[in-house]
Amino acid sequence: MDKFVIEGGVPLCGELEIKPAKNAILPCLAASLLTSEEIIFNNSASLNDICSMLSLLDHLGVKIGGNVGGALTLKADNIKSLVAPYDLVRKMRASILVLGPLLARFKKAKVSFPGGCAIGPRPIDQHLKGLESLGAKIDVEEGYIIATTDGLRGGEVVFDKVTVGGTENLLMASILANGKTTIFNAAREPEVVDLGNLLIKMGAKIEGLGTDKIVIEGVKEVKGAIHSPIPDRIEAGTIMAATAITKGKVKLKNCFKENLESPIIKLEEMGFSLNFDGNSITVGSGKEIRSTDITTAPFPGFPTDLQAQFVALLTQAEGTSTVKEEIFESRFMHINELQRMGADIKIEGNIAVVRGKNELKGAEVMASDLRASASLVIAGLVAQGKTVVNRIYHLDRGYERFEERLETLGARIRRVK
Ligand code: EPZ
């Protein structure tokens with residue numbers, strides 16, 4: 001298994017182009033199942049999760065052209081299976097996003113229950129309840145969801161809690177349903193909006209994207225389209241935290257300020273200076289790093305996917321900070337490893353109390369999930385001496401050639417096979 005070896009202490013400086021968003025590309029790839037016409041993606045990202053989704057779509061019979069990391073074409077004009085098998089779904093939970101489109105277009109889908117993962121049980125009850133509201137029959141057999149319908153019909157979907165994947169599945173299912181669907185308590189994440197914009201380009205009738213109430217007027221069929229997925233706000237936020245902790249200065253190109261308001265506000269509260277120029281954001285450092293308090297929430301609140309990275313940053317702030325994780329049950333796996341590097345963090349329920357400023361010392365640490373691994377890299381960039389981050393395959397799921405991109409900013413980091 002690959003690992004990263006990092007020598008801390010170098011301020012990150014330079015420019016970096018932010019890649020397209022993993023969490024926008026994944027649902028958009030699944031949307032190709034909704035039409036027999038070709039969907040063209042002008043760009044993509046070379047990530048293990050994208051490869052997993054493409055192998056699942058290939059298994060279903062989608063014709064795939066182009067290459068991961070560049071332009072991609074998908075054409076679902078000869079679907080040969082409606083089954084998403086366990087060995088593919090267990091690799092990547094977002095595989096559940098094929099359920100809505102398969103059911104909408106082919107009236108049947110058999111998808112293995114996605115397992116939980118390091119950050120929590122990850123149930124999909126809201127997805128299934130929503131599909132039943134549109135007239136789907138849901139059976140569970142031997143760990144598989146079997147969804148059938150003699151034709152989805154428009155209805156009212158009320159999510160008991162905000163769910164990004166649930167909103168995406170129901171968006172894709174409802175655009176071919178007969179009649180009008182209203183989704184209440186919908187997710188407002190930019191990646192949901194990006195999927196919705198692709199569906200509209202394909203001919204879907206959708207109002208209210210980006211709000212908590214989305215109204216869809218079903219259509220008979222949708223067509224091909226050309227799409228450029230939005231930049232990855234989580235990669236951008238991760239690089240911002242890495243720049244901040246090393247007191248460097250980095251210009252991030254191709255990132256949208258409106259998708260990063262909460263992390264930007266937190267960085268400014270901590271004393272960092274940010275400059276905005278069109279679709280570029282430059283992060284610079286102030287005199288000292290001030291403590292602050294963070295609570296994760298659905299968009300436009302502070303993203304749970306940046307929680308671990310900002311906990312690492314807060315270890316260098318003067319004073320006590322609190323970080324409250326409200327979205328996932330166990331998303332503090334990075335904290336034990338940060339403590340081994342000398343961080344003073346106490347966990348009280350779903351709150352991490354971070355006391356700074358603490359000099360971090362390089363250590364051998366273990367990545368446990370995607371964003372926790374990014375947190376350990378960020379800590380390693382400022383720790384004295386050498387940090388070895390093991391099981392870096394977690395990080396490769398969501399960050400493209402992360403060590404090479406950090407190296408272009410001056411980081412002393414290398415991948416060891
Ligand atoms: C998406 O996961 C993202 N993944 C996650 O990013 C992100 O952390 C999450 O949204 C929250 O923003 C992708 O987009 C591929 P949810 P998703 O459904 O859709 C509970 C990363 O690091 N819930 O919004 O699975 C659930 O357990 C990943 O890139 C139910 O209870 O998240 C969680 O506590 C990690 N029942 C909360 O809702 C359901 O039916 C939010 O989950 C669905 C969800």
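The values are calculated or read from the model by the stated rules, or taken from the named source; none is laboratory data. Please read these numbers as outputs of a predicted model, since none were measured by experiment. All Cβ positions, glycine included, derive from the backbone under ideal geometry; neighbour counts span all protein chains shown. Side chains are part of the model used for accessible areas, which takes the heavy atoms of the whole protein and leaves out ligands, DNA and RNA. Shrake-Rupley method; radii C 1.70, N 1.55, O 1.52, S 1.80 Å.
Structure notes:
- Accessible area in square angstrom per residue, the chain, 1.4 angstrom probe: 38
- Divided by 2.2 N^0.38 Å, where N counts the residues, the Cα radius of gyration of the chain comes to 0.98.
- Mean-square fluctuations from a GNM of the chain, with a 10 angstrom spring cutoff on Cα atoms, peak among Ala312, Ala104, Ala71 at Ala71.
- Most mobile listed residue (Glu288, Glu142, Glu168) in the chain, GNM with C-alpha springs under 10 Å: Glu142
- Nonlocal amide H pairs with Ala45, under 5 Å, H built at 1.01 Å: Gly69
- Distance from segment 290-311 to segment 193-224 (C-alpha centre basis), Å: 29
- Derived value for segment 22-227: Kirkwood hydrodynamic radius 16.4 Å. Basis is the mean of 1/r over every pair of different alpha-carbon atoms.
- Here the chain exposes an accessible surface that is 48 percent carbon and sulfur, computed with a 1.4 Å probe and the other protein chains kept in place.
- Annotation for segment 321-353: GluC sites (Glu not before Pro) lying in DSSP loop with at most 16 further Cβ atoms inside 10 Å of their Cβ are Glu326, Glu329.
- Taking trypsin sites (Lys or Arg not before Pro) across segment 119-183, the ones in a DSSP loop with at most 13 further Cβ atoms lying within 10 angstrom of their Cβ are Lys161.
- Distance (nanometres) between label positions extended 7 Å along Cα→Cβ at Glu407 and Glu364: 2.4
- Close amide H pairs (under 5 Å, H built 1.01 Å from N) link Asp344 with Arg355, residues at least 5 positions away or on another chain.
- Couplings for segment 339-354, taken from phi via the Karplus curve 6.51 cos²θ - 1.76 cosθ + 1.60 with θ = phi - 60°, read 4, 5, 8, x, 6, 9, 10, 10, 9, 10, x, 9, 10, 9, 9, 9 Hz in order; Gly and Pro are left as x.
- Measuring between alpha carbons in the structure, the pairs from Lys3/Lys201; Lys22/Lys266; Lys346/Lys417; Lys63/Lys253; Lys80/Lys253; Lys324/Lys361 lying more than 30 angstrom apart are Lys3/Lys201; Lys346/Lys417; Lys63/Lys253; Lys80/Lys253.
- In order along segment 239-245, the phi-based Karplus estimate (6.51 cos²θ - 1.76 cosθ + 1.60, θ = phi - 60°) of 3J(HN,Hα) comes to 5, 4, 5, 5, 5, 5, 5 Hz; Gly and Pro are listed as x.
- Placing pseudo-labels 7 Å out from each Cα toward the beta carbon at Glu258 and Asn78 gives an inter-label distance of 4.2 nm.
- Segment 134-152 versus segment 44-116: alpha-carbon centroid distance in Å: 18
- Once backbone amide H atoms are built at 1.01 Å from N, Thr163 has Ala187 as its partners under 5 Å, excluding neighbours fewer than 5 places away on the same chain.
- Per-residue Karplus couplings for segment 150-158, computed as 6.51 cos²θ - 1.76 cosθ + 1.60 with θ equal to phi - 60°, are listed in order as 9, x, 5, 10, x, x, 9, 10, 10 Hz, Gly and Pro entered as x.
- Each peptide among 50-57, 402-409 gets the average number of other Cβ atoms lying within 10 Å of its residues, and from highest to lowest they stand as 50-57, 402-409.
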